[in-house]
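The structure under discussion appears below in the form of structure tokens.
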Amino acid sequence: MNVQPRGEPHTSTSSRFRSLLPIGDPVSSDPTFPQLRDASAEMSAVSKAFAGRTRRGQAVPGYLYRMPFPYEEFDLSGVRTYPLSSRQSKARAEDFARPVTRGGSFAAWFDALPAILGAADLRRVVRAIVAAHKREAGVMWGIGAHVIKTGVSPVLIDLMERGYVSALAMNGAGIIHDFEIALSGATSEDVDEALGPGRFGMAEETGRLLNEIVGSGSKRGLGLGQAVAAYLADVKPAHAERSLLVAAHRLRVPVTVHVALGTDIVHMHPDASGAAIGDASLRDFRYFASSVGRLTGGVYLNCGSAVVLPEVFLKAVALARNQGVSLDGLTTVNIDFLRLYRPQTNVVSRPVAGTSGVGINLVGHHEILIPLIAAAVIELAGE
């Protein structure tokens, strides 16, 4: 058996490899694993070289023997150090927060936040939105239904009126909540209470009207968002001032709705048409992709959508790049109270990889972060 390292002078096995533990078995009782030629002779040589490491003259697996380390303190005499002043440090005194005084302004409070981690990222998002607005590069918002349920629609409508929303995208549940707010001033049923008795998702107006609107809009060649926004603007519901769709229609801001069939309560109603929903939502995807293609140097914010909108956004980016649009300088932002795979990958990371763009993750509640961003944008822009 050759156990001699390459390039080493010849030494006997017993003197050169005293610390080697023999492993293996020269005898096999399994016919599917026949005994190797010369195995017995080789293992016998190993056994002789490692006397005391065998049982009854046969080599045995080394893991059967204990190899304890000694109680030995690490020798610190050779540790190398360097001057503290020569080190690049990530936390600096000048970046620390400053106390605020009673009666101070929002601008003073915002400016007093530390220039570290999340607070620094928040400032980067605000600066990117203001800069994109000034150079007319576009600011797109993608929102999940939860954003509407947390009551920030008036804040987004105000940003829309100030020109900080170039296009608005939402998932299927988002349009349901906005529709119900516009009509009745309330939304978001108690699922736990309604599911057992079989009432969950069965509000008559929501199911019937939305399916009728989508069906009619599809026949007229409208996108899903277009159709519902036009309907609400036409009927002038009691709470129209709180509706993102009504505001988008009034301000001519494209609003698109991206539906996953079977995920929304309106799909449980007999009037639901897969053909109409699919046609209208696919048209909205193409509208959305057209808007994303205009985002070079702009900002895209994904707020509260964990799966649908991150997937849709990535495909829109792919289409833009397929047509030669670089999207250089794009800032992508994910805002949610958890960090999840698809928003991190499909919004924050992949779309800006290899470009001059940047991806930012803001972790927190929408009902706090979105109004905070809006207020900071207004202050920084001097409006």
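Go through Val259, Val235 for me and flag whichever is β-branched (Val, Ile, Thr), under 30 Å from the mean Cα position of the chain (by Cα) and in the same structural domain as Ile148 (by TED's automatic domain parsing).
Val259
Name every residue in segment 262-273 that is in a helix (DSSP H, G or I) and within 29 Å of the chain's Cα centre (by Cα), in order of residue number.
Answer for segment 262-273, where residues must be in a helix (DSSP H, G or I) and within 29 Å of the chain's Cα centre (by Cα): Ile265, Val266, His267.
Got a sec? Which of Ser184, Ser166, Ser188 is among the polar types (S, T, N, Q), assigned by TED's automatic domain parsing to the domain that holds Ala248 and either under 15 Å from Ala248 (Cβ atoms) or surrounded by fewer than 14 Cβ atoms within 10 Å (Cβ to Cβ) (or both)?
Ser166
Can we say Ala381 is among the hydrophobic types (A, V, I, L, M, F, W, C), crowded, with 22+ Cβ neighbours inside 10 Å and more than 19 Å from the chain's Cα centre (by Cα)?
no
Could you check, for segment 310-322, whether at least one of its residues is of a type outside the set (D, E, K, R) and assigned to a loop (DSSP other than H, G, I, E, B)?
no
Which one of the conditions (1) in contact with a helix residue (DSSP H, G or I) (Cβ under 7 Å, 6 or more places away or on another chain); (2) crowded, with 19+ Cβ neighbours inside 10 Å does Ala137 fail to meet, given that it meets all the rest?
It is condition (1) that Ala137 fails.
Is at least one residue of segment 184-204 in contact (Cβ under 8 Å) with a residue 60 or more places away in the chain and part of a helix (DSSP H, G or I)?
Among the residues of segment 184-204, not one is in contact (Cβ under 8 Å) with a residue 60 or more places away in the chain and part of a helix (DSSP H, G or I), which makes the answer no.
Under the condition of being outside any loop (DSSP other than H, G, I, E, B) and basic (Lys, Arg), which residue from segment 81-133 is nearest to Arg294 (Cα to Cα)?
Among them, the one singled out is Arg127.
Say we look at segment 286-306 and pick out the residues that are hydrophobic (A, V, I, L, M, F, W, C) and either out of contact with any Gly (no Cβ under 9 Å at 6 or more places or on another chain) or buried (at least 20 other Cβ atoms within 10 Å of the Cβ) (or both); which of these is nearest to Val347 (Cα to Cα)?
Here the residue is Leu301.
Give segment 296-309 a look and list any residue that's in a loop (DSSP other than H, G, I, E, B), touching a helix residue (DSSP H, G or I) at 6+ places or on another chain (Cβ under 8 Å) and not small (Gly, Ala, Ser), or say none.
The one that is in a loop (DSSP other than H, G, I, E, B), touching a helix residue (DSSP H, G or I) at 6+ places or on another chain (Cβ under 8 Å) and not small (Gly, Ala, Ser): Val307.
Residue check: is Ala203 of a type in the set (A, V, I, L, M, F, W, C) and surrounded by 18 or more Cβ atoms within 10 Å (Cβ to Cβ)?
It is true that Ala203 is of a type in the set (A, V, I, L, M, F, W, C) and surrounded by 18 or more Cβ atoms within 10 Å (Cβ to Cβ).
Give the residues of segment 210-234 that are modelled with pLDDT of 95 or more, closer than 16 Å to Asp178 by Cα and either surrounded by 19 or more Cβ atoms within 10 Å (Cβ to Cβ) or touching a Pro at 6+ places or on another chain (Cβ under 7 Å) (or both), sorted by residue number.
Correct list: Leu210, Ile213, Val214, Leu224, Gly225, Gln226, Ala227, Val228, Ala229, Tyr231, Leu232.
Test Met160 against the criterion of being in a helix (DSSP H, G or I) and either crowded, with 21+ Cβ neighbours inside 10 Å or assigned by TED's automatic domain parsing to the domain that holds Leu245 (or both), and give yes or no.
Taking the combined requirement at face value, the residue satisfies it.
The values are calculated or read from the model by the stated rules, or taken from the named source; none is laboratory data. Keep in mind that this is a model prediction, so the values were computed, not measured. Note that each Cβ is placed from the backbone with ideal geometry, even for glycine, and that neighbours are counted across all protein chains shown.
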